[in-house]
Amino acid sequence: MALEVGLDRLQRWMQAVIVHPGLVEDALAAAADEVPAQRLGEVILPSRTLTPAERLDVYHGMYLLRMEEALASDYPALKHFLGDEGFFDLVRDYVQVHPSRSFSLNPLGYRLPEFVKTASGLERPDFCYELAQLELAVAQAFDGPETARLGEAAIAAVPPEAWEAARLAPVATFRLLSFRYPVNDYLQTVLDDDHDHPKARLKDQWIAVYRRDYVVYRLDLTRAAHDLLAALVSGRPLGNAIGEALKTGGKRAPSEHELFRWFRQWVSVGVFQSVETR
Amino acid sequence: MFNRFSLPDLGVGIGLRTVHFGEILAKKPPIDWFEVLSENFLDTGGRPLYVLDQVAERYPVALHGVSMSIGSTDPIDFAYLGKLKELARRTRAHWISDHLCWTGVMGRNTHDLLPMPYTEEALRHTAGRVRQVQDFLERPLALENPSSYVEFAASSISEWEFLARLAEDADCALLLDVNNVYVSSFNHGFDPAVYIDAIPADRVVQFHVAGHTNKGTHIIDTHSDHAIPEVWELYRRAWARTGPTATLYEWDEDIPELSVVHAEALLARGHREPQRATGTHGA
């Protein structure tokens with residue numbers, strides 16, 4: 001005999017069981033407000049080979065595996081650092097707090113760095129946080145809108161006297177990041193399948209993440225280059241930003257030669273999309 | 001017999017998958033058509049959309065979704081449908097399909113194709129939503145029969161009767177996945193031939209064929225292998241009822257080289273009536 005359960009209640013109950021982080025028996029007990037666990041057989045029929053709970057467990061078991069697979073594709077280095085079990089535990093805890101609410105799995109991991117920062121029982125949360133920040137920037141650059149990059153013709157069209165007040169706009173996928181740990185080096189060793197991973201010890205890194213021709217790049221920067229780029233992408237005029245870099249840089253202040261080299265590199269790799277001279 | 005929606009037989013296609021992007025763009029293989037997993041292209045401005053634009057220039061495409069959640073008791077997500085409609089326009093998709101299922105409630109998405117109870121209440125509920133979706137999309141929606149691992153005690157209608165009545169009540173199209181019929185028949189102990197014979201053939205606009213994983217106690221619809229002969233036999237049986245109908249081979253896990261997936265898809269031609277076999281589009 002079937003238990004009278006309306007469609008809305010049935011779906012609430014089944015979802016609660018499926019997304020529960022524990023064993024299916026615990027999930028059924030936790031969802032007993034909707035359907036008493038002892039009456040499961042009045043909602044789900046057994047098959048020739050499986051009990052109702054075992055049948056539900058097919059869905060229950062696949063849920064976390066699917067979430068783990070989605071997050072692992074965006075956070076391969078974090079998974080490598082934590083190990084399979086550690087990463088799975090992190091995913092299990094994360095999706096309880098931040099489950100998918102989108103038609104797409106793309107945004108599922110957007111809040112993982114913040115979650116990692118305060119997650120309990122995590123090995124080296126400070127390192128993990130920065131690693132996750134970098135991997136999120138890469139994932140977001142992958143899906144960001146494609147914008148044209150600044151070309152030689154646009155540069156040549158700027159009168160020499162207009163450069164001081166010119167403002168450079170970065171491509172839409174551009175992200176500027178600073179770290180206290182060598183997370184960019186760590187990510188690279190994971191991507192290269194190189195087993196000589198850097199230790200999670202303090203070592204500053206400044207990184208620009210951007211996409212060109214649908215490929216995401218990570219550009220290592222010096223601190224002075226990072227600070228200058230930060231000033232430029234915040235909308236400050238070129239002359240003002242360079243003047244600030246020379247004045248406050250102290251020993252790290254760039255030489256004219258360095259400035260020329262940086263700009264040549266940034267333009268050639270596609271960091272900027274336009275120059276505005278008004 | 002052709003389908004009542006006059007949607008074309010596109011021939012034998014495969015799913016557009018990331019691992020094959022480079023080869024498809026470089027070699028432009030002679031594949032009849034591609035099925036596109038809608039959600040992978042709705043919220044990205046990156047390479048996937050760039051590749052899709054190239055593919056849609058050269059090949060016929062159809063959109064296949066996994067997040068419409070047509071059976072859910074949550075409100076219909078019209079923002080999602082708006083993006084879907086735009087993607088269909090952009091790619092000149094021949095049709096849009098999704099599954100007879102729900103994927104979540106209370107604003108959540110489990111990203112699984114969860115089964116419906118086959119009740120009169122669920123039938124009324126789902127048919128009303130299909131009509132709303134079709135009105136919004138301004139085209140018929142093709143609904144796919146799911147693979148399922150549970151049966152609800154409350155179900156008073158068989159799955160095939162539910163699908164047939166739903167298609168009639170909502171005036172929608174059907175995507176008949178013969179592997180799903182086989183998987184569910186194993187898991188629930190029904191005769192798959194009865195299912196195939198009960199589907200309104202004139203509403204079937206597409207077939208899916210795929211491999212699965214037999215766990216002994218149950219079968220999981222993994223799309224990770226070659227189709228077994230029993231599944232091809234169901235395809236042959238169904239095709240004899242529908243006539244020329246677009247067919248798609250699904251391979252989503254442990255995906256082999258493009259040539260292997262395509263070769264598996266082309267096996268479908270051997271199961272079609274020879275006099276009705278269609279030519280190759282695309283290349």
* To do: Kindly establish whether B:Tyr182 is part of a helix (DSSP H, G or I), at pLDDT 95 or above and not polar (S, T, N, Q).
  => yes
* Test for A:Arg101: is it over 30 Å from A:Val267 (Cβ atoms) and either in contact with a Leu (Cβ under 9 Å, 6 or more places away or on another chain) or not hydrophobic (A, V, I, L, M, F, W, C) (or both) -> yes
* Asked: Is it the case that the range A:47-54 has a residue that's in a helix (DSSP H, G or I), at negative phi, crowded, with 20+ Cβ neighbours inside 10 Å and more than 8 Å from chain B (Cβ to nearest Cβ)?
  -> no
* Asked: What are the residues in the range A:1-30 that are in contact with a helix residue (DSSP H, G or I) (Cβ under 6 Å, 6 or more places away or on another chain), more than 14 Å from B:Thr110 (Cβ to Cβ) and modelled with pLDDT of 95 or more, if any?
  -> A:Leu7, A:Val24, A:Leu28, A:Ala29
* Asked: Regarding B:Ala127, is this residue under 24 Å from A:Leu7 (Cβ atoms), away from chain A (no Cβ under 14 Å), surrounded by 18 or more Cβ atoms within 10 Å (Cβ to Cβ) and touching a residue at least 40 places away in the same chain (Cβ under 8 Å)?
  -> no
* To do: Could you tell me which residue of the range A:214-240 is farthest from A:Asp185 (Cα to Cα), considering only residues that are over 20 Å from the mean Cα position of the chain (by Cα) and charged (D, E, K, R)?
  => A:Arg236
* Asked: When residues of the range B:94-112 are filtered for being more than 13 Å from A:Ser102 (Cβ to Cβ) and buried (at least 22 other Cβ atoms within 10 Å of the Cβ), how many remain?
  -> 9
* **Test for B:Phe152: is it within 26 Å of A:Gly6 (Cα to Cα), within 14 Å of chain A (Cβ to nearest Cβ) and not small (Gly, Ala, Ser)** => yes
* To do: Among the numbered conditions (1) assigned to a loop (DSSP other than H, G, I, E, B); (2) in contact (Cβ under 8 Å) with a residue 24 or more places away in the chain; (3) surrounded by fewer than 19 Cβ atoms within 10 Å (Cβ to Cβ); (4) within 13 Å of chain B (Cβ to nearest Cβ), tell me where A:Ser100 comes up short.
  => (3)
* Would you mind listing the strands (runs of 3 or more DSSP E) fully within the range B:1-119 where at least 3 residues are in contact (Cβ under 8 Å) with a residue 24 or more places away in the chain, of a type in the set (D, E, K, R) and more than 9 Å from chain A (Cβ to nearest Cβ)? => none
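May I ask you to list the residues in the range A:4-22 that are in contact (Cβ under 8 Å) with a residue 12 or more places away in the chain and within 7 Å of another protein chain (Cβ to nearest Cβ)?
Those that are in contact (Cβ under 8 Å) with a residue 12 or more places away in the chain and within 7 Å of another protein chain (Cβ to nearest Cβ): A:Val5, A:Leu10, A:Arg12, A:Met14, A:Ile18, A:Val19.
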* Asked: Does A:Thr189 satisfy the criteria of being of a type outside the set (D, E, K, R), part of a loop (DSSP other than H, G, I, E, B) and either touching a strand residue (DSSP E or B) at 6+ places or on another chain (Cβ under 8 Å) or free of Cβ contacts under 8 Å to residues at least 60 places away in the same chain (or both)?
  -> no
* Structure fact -> Inside the range B:155-177, the number of residues satisfying the requirement of being in a helix (DSSP H, G or I) and either within 14 Å of chain A (Cβ to nearest Cβ) or of a type outside the set (D, E, K, R) (or both) is 8
* Being part of a helix (DSSP H, G or I), in contact (Cβ under 8 Å) with a residue 12 or more places away in the chain, buried (at least 21 other Cβ atoms within 10 Å of the Cβ) and in contact with a Cys (Cβ under 6 Å, 6 or more places away or on another chain), is that true of even one residue in the range B:136-147? -> no
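I want to confirm something. Restricting to the range A:23-53 and keeping residues that are without any contact (Cβ under 8 Å) to a residue 24 or more places away in the chain and of a type in the set (Asp, Glu), which single residue is nearest to A:Leu131 (Cα to Cα)? First the steps, then the outcome.
To start, the set of residues in the range A:23-53 that are without any contact (Cβ under 8 Å) to a residue 24 or more places away in the chain comprises A:23, A:26, A:29-33, A:36-38, A:40-41, A:44-52.
Filter again for of a type in the set (Asp, Glu), leaving A:26, A:33.
On the way: A:Asp26: 34, A:Asp33: 41 Å.
Among residues in the range A:23-53 that are without any contact (Cβ under 8 Å) to a residue 24 or more places away in the chain and of a type in the set (Asp, Glu), the one nearest to A:Leu131 (Cα to Cα) is A:Asp26.
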* Asked: Can you find even one residue in the range A:59-70 that is facing chain B (nearest Cβ under 10 Å), touching a Gly at 6+ places or on another chain (Cβ under 9 Å) and hydroxyl-bearing (Ser, Thr, Tyr)?
  -> no
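The values are calculated or read from the model by the stated rules, or taken from the named source; none is laboratory data. Predicted, not measured: the structure shown is a model, and the values here were computed from it. Note that we place each Cβ from the backbone using ideal geometry, even for glycine, and neighbour counts take in every protein chain shown.
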